[in-house]
Amino acid sequence: MIMNRHFHQKLYKLAAGCMIAVQICCPISAFAKTSSIITNKYPIVTKTESGTESLNNISTYLIDDRTYIKLRDIAEAFDFKIQWDHINKVVLLSLEEHNLNTTKNEVTKDTSPLQSTLTQQTVIVDGVEEVLSCYHINGYTYFSIRDIAALTNLEVIWDSESHTIRINKKSVNASTADETSKPETTDTSINENGKDILCNDNNLIYVPESKQYDSIEKYIKENIDPKFTISDFVITEYTSANTPSIHYLDIDYYLGDYKTNYGYQLTIVQESVKTIKCTGDRENIENLNIDKNKTPDISDAELWKKTLEENSYENCEIIDYDIVRYYNEKTAAFQADIVVNFVDPSGYHGSNRHTFVL
């Protein structure tokens, strides 16, 4: 099945006011909103060496149905050593060294009006550098719990019965036996957006950019979804900008030009598939009965015009913008996110995301 992926449009160093003057006719209406940021109401519980600990005395937020938390709060809960390198503007995190601070962070929940900015932050974990998307909220930096878990070998489990988010250290087999002699095994952790499968056997190999997907298709068919056919998906490959040895394979299902939540992401280290993230549900997509030829017909130029009309970027310098189209299964709506990177008159570099319901 051949489907066109969304494409990124770039606009360099042009004032937003100039763009508003461009006259474009919109064939359909679209309703826009900024990202939804609300205080997280679900309890967060961690299991540490000293027992079960609640993180309910700290601020956490739900942003577009994902939970965000301060990395320092996770570090304190699990005794990781965390430092801020103010010269290079990076976070230094050590999972091997214990936090020598015996005084816990006593910051309580923030009840002031929310002021947030979408940005990126470099985090170096035991010498490995990663750049994560995050939000600056009321002066503090918040990361997705799922991203933190991937960095720190933690597992995030959503307990649907108690409506509790559980964060635990992944169990490690202390046996020194040769793991390669064991049959193929997987370790699965459930999170708020799906499940992550840890490939323990190291036998699933993929050479980056080879486009030889037969072994991947076979593995997913045998271990995850018997009805999986890789030709029904759009595949995107890319290498970590900061860690060239890490390669990613996104396998996404589209309705026309609109990405759905159903798909997989493979993390490949030195040609060995280490994890498979599974999101969405095949049955939910199959039961939609949507004619792909009747998906919303609105151009990127029209969406950009509406972004400028409904959001003030007067006197700002637009650095670039990205447009991502997708189908929101929870709201049963086709949507588009427009991420705008800009510099305001004071010289502040900011990034905003605006969501249009089409």
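With 19 Å as the limit on Cα-Cα distance, the pairs of Lys47/Lys330; Lys170/Lys277; Lys170/Lys274; Lys47/Lys89; Lys227/Lys274; Lys218/Lys330 that go past it are Lys47/Lys330; Lys47/Lys89; Lys227/Lys274; Lys218/Lys330. Between Asp64 and His163, the modelled labels are 2.5 nm apart [label points 7 Å from Cα along Cα→Cβ]. Quick one: go through segment 134-149 and flag any residue whose amide nitrogen is under 17 Å from the point 7 Å out along the Cα-to-Cβ line of Thr122. The answer is 134.
For Trp304, Trp84, Trp158, the ranking by accessible surface with the largest value first comes to Trp84, Trp158, Trp304, using a 1.4 Å probe.
Rounded to the nearest Hz, the phi-derived 3J(HN,Hα) couplings of segment 245-261 under the Karplus curve 6.51 cos²θ - 1.76 cosθ + 1.60 (θ = phi - 60°) are 6, 9, 10, 10, 10, 9, 10, 10, 9, 10, 10, x, 8, 10, 5, 9, 7, where x marks glycine and proline.
What accessible area per residue, rounded to a whole number of Å², is obtained for segment 277-358 using a probe radius of 1.4 Å? List each step's numbers first, then the result.
Working: 3970 Å² over 82 residues.
For segment 277-358, the solvent-accessible area averages 48 Å² per residue.
Over segment 290-358, what percent of the accessible surface lies on carbon and sulfur atoms, probe 1.4 Å? Show your work: numbers first, answer last.
Numbers: 1470 of 3140 Å².
Of all accessible area on segment 290-358, carbon and sulfur atoms account for 47 percent.
Label sites at Glu96 and Val207, each approximated as a point 7 angstrom past Cα along Cα to Cβ, lie 3.4 nm apart.
The values are calculated or read from the model by the stated rules, or taken from the named source; none is laboratory data. As the structure is a prediction and not an experimental result, all values here were calculated from the model. When we count neighbours, we look across all protein chains shown, and the Cβ atoms used for this are built from the backbone with ideal geometry, even at glycine. Just the protein is used for accessible areas: all its heavy atoms, side chains included, with ligands, DNA and RNA removed. Shrake-Rupley method; radii C 1.70, N 1.55, O 1.52, S 1.80 Å.
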